[in-house]
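The values are calculated or read from the model by the stated rules, or taken from the named source; none is laboratory data. The structure displayed is predicted, hence computed values, not measured ones. Note that each Cβ is placed from the backbone with ideal geometry, even for glycine, and that neighbours are counted across all protein chains shown.
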């Protein structure tokens, strides 16, 4: 019975089939990598990860064609690949989506389901691209952490407040620390901008205010 299972192969693979399946996996993988490049909005785009998406689709197709319907080969490959340890941390949830996307398309190409591979790549790619253009899954406004030092000059209205009113839709003080040796206050604010494209101009104008120095503006672990 086991020998019969070993010989089962409903999808005989010729040399031409192998080339076609790999070529399709390559084309779909390149499209997925292009999509990743144009929709990624995280802090650190990785060229090596984009290239890995292409290779992953092709390698998955090779694995699927190698296994075929042979159970012995399937268990053998599972055992052989179990020795591989992946220690690279995935920083963005979207990266995991693209990994599974590439795996699924590579499997479809390897089995020979060309229509599934092509239509699946185009349709899922269209949905991902559509989400990247809309704000359905993103917050309406981004909140920044602002930190700076201020030397009080005795005025009722601090010199930085006009800058806040000009650029910020909302601001909230979260911490005030006094530095007695330097007669300074270390202030921390949560701010939301009226126009996020002007955050650099906001920092420049704030730096010109009397008594303001050492400005830091943070968002998504990036410093501006």
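Could you list, in sequence order, all residues of the stretch 166-199 that are part of a helix (DSSP H, G or I), at pLDDT 85 or above and closer than 26 Å to residue 41 by Cβ? Break it down into steps so the answer makes sense when it comes.
At the first step, the residues of the stretch 166-199 found to be part of a helix (DSSP H, G or I) are 166-167, 180-182, 196-199.
Checking the rest, the ones that are also at pLDDT 85 or above come to 166-167.
Result: 167, single match.
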Legend entry - Any chance residue 214 is part of a loop (DSSP other than H, G, I, E, B) and either more than 30 Å from residue 68 (Cα to Cα) or at pLDDT 85 or above (or both): no
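Conditions tested, residue by residue: (1) under 15 Å from residue 215 (Cβ atoms); (2) free of Cβ contacts under 8 Å to residues at least 40 places away in the same chain; (3) in the same structural domain as residue 149 (by TED's automatic domain parsing).
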position: 185; (1), (2), (3): yes, yes, yes
position: 188; (1), (2), (3): yes, no, yes
position: 194; (1), (2), (3): no, yes, yes
position: 199; (1), (2), (3): yes, no, yes
position: 202; (1), (2), (3): yes, yes, yes
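Could you tell me whether any residue of the stretch 18-26 is loosely packed, with under 12 Cβ neighbours inside 10 Å and at pLDDT 85 or above? Break it down stepwise before answering.
Initial filter on the stretch 18-26 (loosely packed, with under 12 Cβ neighbours inside 10 Å): 19.
So of that shortlist, the ones also at pLDDT 85 or above come out as 19.
Yes, the stretch 18-26 has at least one match.
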Inset, instruction - Take residue 43 and decide whether it is at pLDDT below 85, assigned to a loop (DSSP other than H, G, I, E, B), touching a strand residue (DSSP E or B) at 6+ places or on another chain (Cβ under 9 Å) and in the same structural domain as residue 113 (by TED's automatic domain parsing). - result: yes
Legend entry - Odd one out for residue 161, checked against (1) in contact with a strand residue (DSSP E or B) (Cβ under 6 Å, 6 or more places away or on another chain); (2) more than 16 Å from residue 143 (Cβ to Cβ); (3) modelled with pLDDT of 85 or more: (1)
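Assess whether residue 30 counts as being modelled with pLDDT of 80 or more, assigned to a helix (DSSP H, G or I) and farther than 25 Å from residue 129 by Cα.
On the way: modelled with pLDDT of 80 or more: yes; assigned to a helix (DSSP H, G or I): yes; farther than 25 Å from residue 129 by Cα: no.
Answer is no for this residue.
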